[in-house]
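To start, the structure under review is shown below, and the notes come after it.
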Amino acid sequence: MHSATRSFAAPMVVRLTKFVKVPFRATVSLTRRAVFARDGGRCVYCGKAASTIDHVVPRSRGGAHTWENVVAACGRCNHVKADRTLAELGWRLHRRPASPSGPVWRVLGHRTPDPAWNAWLGLPEVDLPAPFPDSMTA
C-alpha cells in the first residue's frame with residue numbers, strides 16, 4: 001500500500017483467529033463465464049474448445065436455466081443439437097452437470113485465485129515469487 005509519503009507492506013492472506021459469519025450466497029451465480037470455468041472451457045459433447053452454452057433439456061421443451069441443465073458446448077455441437085434432446089440424437093454426457101461447490105467457488109466464484117491463497121483454499125501449493133520486487137525494498 002502506498003500513500004503520498006509512505007509505503008507499507010500488506011499481507012496477501014489474512015487469517016482470522018475467530019469465527020466471523022460471512023454472508024455467502026447459498027449458490028454460485030449461473031453465468032456464461034462460470035459455466036466455462038466449471039466445464040474447463042471444453043465442449044461437454046465432443047471435448048473441443050467451447051464457445052457457447054447449451055441447455056441439455058432445451059428450454060423450448062421445458063428445460064430450466066439451472067446449473068444441472070446448462071453446459072459449455074462448441075458452436076458445431078450446439079448447432080447440431082438445436083432444440084433436440086440427447087436421447088433423440090443418441091448422444092450422452094460423460095459427466096453429469098452440477099452446481100459448483102468447494103471453497104474456491106464459495107470464496108471466489110469463477111475467478112482465478114491468487115496462488116498465495118492455495119494453502120488456505122485446499123489447493124496444491126506452487127512456488128511463489130518474492131512478494132516485492134527488489135526495486136520496492138529500498
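The values are calculated or read from the model by the stated rules, or taken from the named source; none is laboratory data. Since the structure is predicted, the reported quantities are computational estimates derived from the model, not experimental observations. Because the Cβ atoms are built from the backbone with ideal geometry, glycine has one as well, and the counts that use them run over all protein chains shown.
Values for this structure:
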read-out	value
Single condition Ala87 does not satisfy, out of (1) closer than 26 Å to Thr27 by Cβ; (2) of a type in the set (A, V, I, L, M); (3) modelled with pLDDT under 95	(1)
Qualifying residue in the stretch 28-44 (condition: more than 30 Å from Arg92 (Cα to Cα) and among the aromatic types (Phe, Trp, Tyr))	no
Filtered residues of the stretch 70-88 (kept if without any contact (Cβ under 8 Å) to a residue 24 or more places away in the chain and more than 18 Å from Ala50 (Cβ to Cβ))	Ala87, Glu88
Selected residue (criterion: nearest to Trp105 (Cα to Cα)) from residues of the stretch 49-65 that are under 19 Å from the mean Cα position of the chain (by Cα) and loosely packed, with under 14 Cβ neighbours inside 10 Å	His65
Out of Asn78, Asn118, sole residue that is of a type outside the set (D, E, K, R), surrounded by 10 or more Cβ atoms within 10 Å (Cβ to Cβ) and at pLDDT 95 or above	Asn78
Search result, residues across the stretch 1-32 that are farther than 30 Å from Thr66 by Cα, in contact (Cβ under 8 Å) with a residue 40 or more places away in the chain and part of a loop (DSSP other than H, G, I, E, B)	Ala9, Met12, Val13, Arg15
